[in-house]
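Some notes on the structure that comes next.
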Amino acid sequence: MPSKGRFGEQLACQYLLKKGYSIVSRNYRSKYGEIDIVCQENGIIVFVEVKSRTNINFGQPHEYITSQKIKRLRRVFQYYLSANKLVNRQLRFDIISIIYGKGCSSIDIKHFQDYDINL
């Protein structure tokens, strides 16, 4: 993963921790793909996709999540739940969109909670 992606995920984790989330896993990989962050908030399992950019010349970071990506993510979520024997749990999918300027002079974090992907 490029350093830009790692940096964005680190910023997202810091943001989530400040908001009271507990981080369960980062970069969870399965044969179906990867989940950037798995965390919990008030007993709810939250799967988080992080998108970061240094500018918006080609659109907002969260606009890069395609229907194909969502389809893959659903498979990874189901695999994660099965592998960890998590049944009858409340689930949520969030997107964290990050734009940071050169030298991190400015950081803009947008958190889209409960993004509808029909979990």
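Take the residues in the stretch 96-112 that are charged (D, E, K, R) and farther than 11 Å from K51 by Cα, then tell me which one is modelled with the lowest pLDDT.
K102
Tally up the residues in the stretch 63-77 that are assigned to a loop (DSSP other than H, G, I, E, B) and out of contact with any strand residue (DSSP E or B) (no Cβ under 9 Å at 6 or more places or on another chain), please.
Within the stretch 63-77, residues that are assigned to a loop (DSSP other than H, G, I, E, B) and out of contact with any strand residue (DSSP E or B) (no Cβ under 9 Å at 6 or more places or on another chain) number 1.
Since V24 meets every condition but one in (1) in contact (Cβ under 8 Å) with a residue 24 or more places away in the chain; (2) in a strand (DSSP E or B); (3) out of contact with any Lys or Arg (no Cβ under 9 Å at 6 or more places or on another chain), which condition does it not meet?
Looking at each condition in turn, V24 falls short on (1).
Looking at the stretch 64-71, is at least one residue more than 17 Å from F112 (Cβ to Cβ) and among the aliphatic types (A, V, I, L, M)?
No, the stretch 64-71 contains no residue that is more than 17 Å from F112 (Cβ to Cβ) and among the aliphatic types (A, V, I, L, M).
Let's see how each residue does on (1) touching a residue at least 12 places away in the same chain (Cβ under 8 Å); (2) crowded, with 16+ Cβ neighbours inside 10 Å:
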| position | (1), (2) |
| --- | --- |
| K18 | no, no |
| E34 | yes, no |
| I37 | yes, yes |
| K51 | yes, yes |
| I56 | yes, no |
| T66 | no, no |
| R72 | yes, no |
| V76 | yes, yes |
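Cβ-Cβ distance below 7 Å, separation of 6 or more or different chains: which pairs start in the stretch 84-99 with a residue that is within 21 Å of D116 (Cβ to Cβ) and end on one that is in a loop (DSSP other than H, G, I, E, B) and among the small types (G, A, S)?
Taking only residues 6 or more apart or on different chains, the pairs are Q90/G43.
What single numbered condition from (1) modelled with pLDDT of 80 or more; (2) under 16 Å from I117 (Cβ atoms); (3) out of contact with any strand residue (DSSP E or B) (no Cβ under 7 Å at 6 or more places or on another chain) fails to hold for K51?
All conditions are met except number (3).
If I filter the stretch 33-58 down to residues being small (G, A, S) and assigned to a strand (DSSP E or B), which single residue comes out as farthest from Q14 (Cα to Cα)?
Here the answer is G33.
So N88 ticks every box in (1) loosely packed, with under 12 Cβ neighbours inside 10 Å; (2) modelled with pLDDT of 95 or more; (3) over 30 Å from G101 (Cβ atoms) but one. Which box is left unticked?
Result: N88 fails condition (2) only.
The values are calculated or read from the model by the stated rules, or taken from the named source; none is laboratory data. Only a predicted model underlies this, so the values are computations on that prediction, with no experimental measurement involved. Every residue, glycine as well, gets a Cβ built from its backbone with ideal geometry; the counts of neighbours run over all protein chains shown.
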